[in-house]
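Every number here is computed from the coordinates shown, using simple stated rules; none is lab data. Source: prediction; values computed, not measured. Note that we place each Cβ from the backbone using ideal geometry, even for glycine, and neighbour counts take in every protein chain shown.
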Amino acid sequence: MLTAVPAWAQEAAEAAAPVANPGNNAWMMTATILVLMMILPGLALFYGGLTRSKNMLSTMTQIGSAAALAMLVWVAWGYSTAFGPEGNAFYSWGSLFLSSVTSDSTAATFSDEVISEYVFVSFQMTFAAITAALVLGATVERMKFSAVMLFTVIWLTIVYFPIAHMVWAGGGLIFEWGALDFAGGTVVHINAGVSALVACFILGKRNGYPKEPMPPHSLTLTMVGTGLLWVGWFGFNAGSELEADGTAGLAMINTFVATAAGALMWMLVEKFAGHKPSALGFCSGVIAGLVAVTPAAGNSGPLGAIVLGAVSSVICFIAVAKIKPAFGYDDSLDAFGIHGVGGIVGAIGTGIVYSPALGGPGGDDFVMSAQVWIQVKAVLVSIAWAGIGTAVALFIVKMIIGLRVSEQVEREGLDLGEHGESAYN
Amino acid sequence: MKLIIAIVKPFKQDDVREALSSLGIAGMTVSEVKGFGRQKGQTEVYRGAEYSTNMVPKIKIEVVCEDEVAPRAVESIQQAANTDSIGDGKIFVLDVGQAVRIRTGETGDTAL
């Protein structure tokens with residue numbers, strides 16, 4: 001009986017129950033498709049509504065296609081590289097094309113339970129897919145479709161799979177440090193956010209940015225996307241417990257309250273900054289809260305989650321409204337400003353809110369300063385690995401097929417120029 | 001024949017249409033336009049990025065009528081579209097060289 005060891009469970013492997021609990025399987029299958037919904041149509045509409053109408057189809061098609069490609073790469077070599085049966089501190093191997101997986105094989109959870117390994121493979125697959133799609137938030141409206149596809153394959157291989165292994169797999173470098181990352185603050189959000197930042201520098205600004213007005217063409221659709229993301233995120237966070245247990249319930253309540261706090265706080269900050277509380281502010285605050293609670297979902301009490309969500313909104317607001325214009329980089333959809341910055345706030349904050357003194361699930365032996373230092377190390381490694389890996393991946397793509405569309409295509413819109421279609425006829 | 005072009009606030013469209021039809025003017029062309037005069041646009045803010053929109057949405061009404069009716073039509077439009085505030089709009093009157101009814105080929109005043 002083959003058992004994958006995703007995290008915490010190497011010692012428990014011998015004692016693991018051989019039969020997957022149907023309740024846990026059912027929840028994990030549900031959680032998995034909730035995460036798929038986050039990508040399509042969640043992220044597609046969220047990002048799509050923020051871009052100009054001439055690029056709506058391009059944005060949605062790049063997201064959907066990058067995700068689809070990520071799924072195929074995942075089952076080909078991704079799962080093997082992140083969660084394979086043999087590995088070192090940085091990557092694993094031994095399950096190309098899921099060779100080690102059958103309908104009977106199981107994946108250990110954080111207790112003595114197991115879930116069906118195909119379910120675990122599928123669940124993690126959606127994480128890889130959404131992370132690849134998130135990076136595109138910094139490259140929309142100017143990156144070629146073919147470049148997105150090639151970049152996705154290379155980036156997943158040299159950035160995402162190793163980081164996923166380091167943080168979540170037994171034997172992984174950051175996992176062995178004892179870093180806390182419940183659902184992917186480092187693996188998904190810091191990873192995607194920093195990659196996005198590097199990408200927007202290498203790709204360059206959109207033509208006309210920032211002088212030419214480029215307001216969102218449909219905040220209505222962005223709001224729809226936000227709702228789908230919030231609902232889907234329960235699969236993302238609560239599903240990361242790998243069981244339908246009390247900790248999953250904790251992750252669920254945290255995913256409610258951190259998000260609510262983030263949403264309202266963003267709008268409060270807008271007022272404080274002299275603007276009107278806005279719909280986009282609500283949507284941004286929702287995401288800032290969700291991102292920050294992602295590493296803390298099962299690692300915090302509800303009160304800590306509320307504080308985390310609120311703090312994330314404040315810092316992310318500063319990042320997108322003050323720091324971005326000051327430095328002048330065109331992180332078009334604030335992938336770094338919200339996912340990167342919010343992920344950093346959440347990852348380090350997890351070391352704080354884990355404390356039992358703050359209602360967190362930490363034990364009596366918890367030392368906050370030590371844990372925060374581990375979190376900081378995890379954040380720094382993620383930033384470095386993602387940053388360097390993304391630069392390498394982009395330069396390879398640039399050399400082979402180039403990154404940007406022509407200026408004319410950029411002017412008339414990528415829907416027509418790259419896809420031969422109009423979103424609105 | 002005169003071509004009357006009236007640029008008015010969008011919510012005044014029905015008032016102007018009723019005022020003109022009570023004069024016997026039964027047809028008009030309406031387009032949605034943007035523009036500005038003394039009325040400035042709004043400032044929109046998206047995640048801290050401010051955009052001043054100089055353009056304000058308006059309705060452009062175009063009517064062709066006989067020379068005798070034109071002065072009363074202009075006065076009717078002005079009264080119907082007036083709200084005593086900046087941005088109420090403007091009316092322009094041009095001479096028309098020819099008019100034709102496509103269905104019958106009639107020309108001149110009988111085409112109106």
Completion exercise
Residue by residue through segment A:365-373, the couplings from Karplus 6.51 cos²θ - 1.76 cosθ + 1.60 with θ = phi - 60°, in Hz, x for Gly and Pro, are 8, 6, 10, 4, 4, 5, 5, 4, 5
Practice task
Mind checking segment A:355-413 for trypsin sites (Lys or Arg not before Pro) that DSSP puts in a loop (not H, G, I, E or B) and that have at most 10 other Cβ atoms within 10 Å?
Solution key: none
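When the convex hull of the C-alpha atoms of the protein assembly as shown is computed, what volume per residue in Å³ does it have? Intermediate values should be presented prior to the final figure.
Values: hull volume 98.6 nm³, N = 537.
Taking the convex hull of the Cα positions in the protein assembly as shown, it is 184 Å³ per residue.
Determine the alpha carbon to alpha carbon distance for each of A:LYS276/B:LYS34; A:LYS271/B:LYS9; A:LYS276/B:LYS9; A:LYS211/A:LYS271; A:LYS322/B:LYS60; A:LYS54/A:LYS205 and list only those over 29 Å. Show your work: numbers first, answer last.
Details: A:LYS276/B:LYS34 25 Å; A:LYS271/B:LYS9 31 Å; A:LYS276/B:LYS9 25 Å; A:LYS211/A:LYS271 25 Å; A:LYS322/B:LYS60 41 Å; A:LYS54/A:LYS205 17 Å.
Cα-Cα > 29 Å for A:LYS271/B:LYS9; A:LYS322/B:LYS60; rest within.
Over chain A, what is the relative contact order in whole percent, taking alpha-carbon pairs under 8 Å and six or more residues apart? Kindly include the intermediate steps, with their values, before the conclusion.
Working: 916 pairs, mean separation 96.3, N = 425.
That works out to 23 percent.
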Handout entry: Distant-in-sequence amide H partners of B:LYS90 (H built 1.01 Å from N, under 5 Å)
Key = B:ILE7
Fill in the blank from the handout: Longest principal axis of chain A (C-alpha) makes with the long axis of helix A:341-353 (C-alpha) an angle, in degrees to the nearest 10, of 30 degrees
Fill in the blank from the handout: So the angle from the long Cα axis of helix B:70-81 to the longest Cα principal axis of chain B, reported in degrees to the nearest 10, equals 30 degrees
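Per-residue mean of other chain beta-carbon atoms within 10 angstrom of the beta-carbon, peptide B:47-60?
On the way: counts 20, 15, 9, 3, 4, 1, 2, 0, 0, 0, 0, 0, 0, 0.
What the average comes to for B:47-60 is 4.
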Fill in the blank from the handout: Using eta = 0.692 mPa s and T = 37 °C, Stokes-Einstein with Kirkwood Rh from Cα pairs puts D for segment B:2-111, in µm² s⁻¹, at 212 µm²/s
Exercise for the section: Evaluate the distance, in nm, between pseudo-label points positioned 7 Å from the Cα of B:PHE11 and of A:VAL19 along their respective Cα→Cβ axes. Expected result: 7.0 nm
Fill in the blank from the handout: In nm, the gap between the two label points placed 7 Å beyond Cα toward Cβ at A:TYR209 and A:LYS271 is 3.1 nm
Problem - Whole-Hz ³J(HN,Hα) from phi, Karplus 6.51 cos²θ - 1.76 cosθ + 1.60, for segment B:47-52, glycine and proline x - result: 6, x, 8, 9, 10, 8
Problem - Full-stretch length increase - A:PHE145, A:ALA76 - with 0.36 nm per residue and alpha-carbon distance subtracted - result: 22.6 nm
Fill in the blank from the handout: Each label sits 7 Å from Cα toward the beta-carbon; between A:VAL392 and B:ALA26 the label points are separated, in nm, by 7.9 nm
Practice task
Could you work out how far helix A:219-238 tilts from the main Cα principal axis of chain A, as a 0 to 90 degree angle to the nearest 10?
Solution key: 10 degrees
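Hey, what does the equivalent ellipsoid look like for segment A:386-425, semi-axes from the Cα gyration tensor as sqrt of 5 times each eigenvalue, largest first, whole Å?
28, 11, 8
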Exercise for the section: Mind listing the long-range amide H neighbours of A:ARG404? Cut-off is under 5 Å, sequence gap 5 or more, other chains count too, H placed in the peptide plane at 1.01 Å from N. Expected result: A:LYS144
